[in-house]
Amino acid sequence: MAYEAALRRAEELRKQVNVHNYRYYVLDSPVVSDAEFDALMRELRELEAAHPELVTPDSPTQRVGAAPAAGFAEVSHPIPLLSLANAFNNEELVAWHKRAVNLLGRSDFDFVCELKIDGLAIALTYEDGRFVRGATRGDGVHGEDITHNLRTIKSVPLALMGQPPRRLEARGEVYMPKESFRRLNEERASKGEPLFANPRNSAAGSVRQLDSRITASRNLDIYIYALGYADDGPMPESHWDAMARLAEFGFRINPQSRLCQTLEEVEDYYRSWVERRHDLPYQVDGVVVKINPFEHQQALGYVGREPRWAVAYKFASEQAVTKLLKIEINVGRTGSLNPFAVLEP
């Protein structure tokens, strides 16, 4: 195939594969079979193998883990990724709301409620619609460059749809689904390796691997929860509108988020998830409540390292008493002996 024809075909294949990835991993609504998708990927790989100069950083073929990196470079966040204050009961939620009302001098504002996924906060930077950098939160001001690892997560768009700003940052939570966590620990137990304590630890450890092939094998996922910044074009007026724009660009947004008009609706949303959270395919430890209008967020500002316009309304810690039935020993492939407890459910 002539170079110009190969170039046009490679561009078309990348567009098709990116659209099908978006429909499969973000919308959960595929329109082609696995065999048809595999055929597109195979043709793209063959084209890029025949013409290596056609390979681009945002090509779907570049999601597969690369060779181990020497280490992580430090990244400075243009706008700090701060932590949230906590509310552990309704009284503390009401107190947070009263402080905001007093500072704003008004109470006629709405809220966005989002499930607080127990994962790892990250920032994704795009230039001209292309994914150029992904970083951990770190200390909020400086994080680690984990771009190569985040490229392996199929729900992270490598190229945005529509007409995104020239430069934007999307913020989200990388997590390990419960089923992936269960399978990972079963595999580690069979090898005599220590088990991960929970999905959050396993997700954090997975995205900070120097070998991105390990990250690619961990079946991580992501939900975007905020627009960090956008350099040009009209800005949305509220967090809810910003999330809708990010969804149009191809980011995966949690469909369980809700726009609430009153604090009573916020409390209803929270209570509805106290028990139902166990039915989710990922772990959550509370609800994030955000005052919706950006104008109010800017007016409220921050105290210390926490925004005044948002709070984490945490679920109560769960504890239970059970009976230790026996201790058994698992023998790893290397001959190592690993004791584990058998508990009464």
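What does DSSP give for the chain in terms of the percent of beta bridges that are antiparallel, rounded to the nearest 5?
Working: 51 of 54 bridges.
Just about 95 percent of them are antiparallel.
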For region 201-212, in residue order, the Karplus 3J(HN,Hα) values (coefficients 6.51, -1.76, 1.60; θ = phi - 60°; whole Hz; Gly and Pro = x) are 4, 5, 5, 4, x, 6, 7, 10, 6, 6, 9, 5
Of 258-264, 215-221, ordering from highest average Cβ density within 10 Å down gives 215-221, 258-264
Ranking LEU13, LEU84 from most to least accessible area with a 1.4 Å probe gives LEU84, LEU13
Highest GNM mean-square fluctuation among MET235, MET176, MET243, for the chain with Cα springs under 10 Å, belongs to MET235
Note: VAL331 to LYS178 extended length (0.36 nm per residue) minus current alpha-carbon separation gives 52.6 nm
Most packed first (mean Cβ within 10 Å per residue), the peptides 85-93, 155-163 order as 155-163, 85-93
As straight-line cross-link partners of LYS191, the qualifying lysines (C-alpha separation under 21 Å, not fewer than 8 residues apart within one chain) are LYS178
So ARG271 and MET161, fully extended at 0.36 nm per residue minus their Cα-Cα distance, gain in nm 36.0 nm
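By how many nm would the segment from GLU295 to GLU46 lengthen if fully extended, with 0.36 nm per residue of separation less the alpha-carbon distance? All intermediate terms of the calculation are to be shown ahead of the outcome.
Working: separation 249, 0.36 × 249 = 89.64 nm, distance 5.06 nm.
Working it through step by step, the gained length comes to 84.6 nm.
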Hits in region 121-145: amide N under 14 Å from the 7 Å Cα→Cβ extension of GLU74, namely 138-145
Counting sequence-distant residues (5 or more places) and residues on other chains, those with an amide H built under 5 Å from that of VAL287 are LYS116, TYR313, LYS314, PHE315
Taking r as the C-beta separation of GLU36 and ASP128 and R0 as 25 Å, the FRET efficiency to the nearest 0.05 is 0.25
To the nearest Å², the heavy-atom accessible area per residue of the chain with 1.4 Å probe amounts to 52 Å²
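Pull out a ≥ b ≥ c, the square roots of the eigenvalues of the alpha-carbon gyration tensor of region 53-139, then state rounded if a/c is under 1.5, prolate if not and a/b is larger than b/c, and oblate in the remaining case.
Working: a/c = 2.97, a/b = 2.49, b/c = 1.19.
Prolate, because a/c is 1.5 or more and a/b exceeds b/c.
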So the pair-distance distribution of the chain, from every Cα-Cα distance in 20 Å bins, comes to percents of 26, 54, 19, 1
For the pair HIS142 and ASN86, the simple spin-label estimate (label points 7 Å beyond Cα toward Cβ) gives in nm 2.8 nm
Counting sequence-distant residues (5 or more places) and residues on other chains, those with an amide H built under 5 Å from that of TYR229 are GLU169
For the GLU186, ALA5 Cβ pair and Förster radius 45 Å, calculated FRET efficiency rounded to 0.05 is 0.40
Two pseudo-spin positions, 7 Å from Cα along C-beta at VAL55 and at ALA244, lie apart in nanometres by 4.2 nm
Over the Cα atoms of region 108-166 the radius of gyration and the largest Cα-Cα distance (Dmax), both in Å, equal 14.1, 44
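Compute the normalised compactness of region 153-192: alpha-carbon radius of gyration over 2.2 N^0.38 Å, N being the residue count. Show your work: numbers first, answer last.
Working: Rg = 16.7 Å, N = 40, 2.2 N^0.38 = 8.9 Å.
Ratio of Cα Rg to 2.2 N^0.38 Å: 1.87.
The values are calculated or read from the model by the stated rules, or taken from the named source; none is laboratory data. Owing to the predicted nature of the structure, the values given are computational and were not obtained by experimental measurement. All Cβ positions, glycine included, derive from the backbone under ideal geometry; neighbour counts span all protein chains shown. When the accessible area is computed, the model is the full protein with side chains, heavy atoms only, and any ligands, DNA or RNA have been set aside. Shrake-Rupley method; radii C 1.70, N 1.55, O 1.52, S 1.80 Å.
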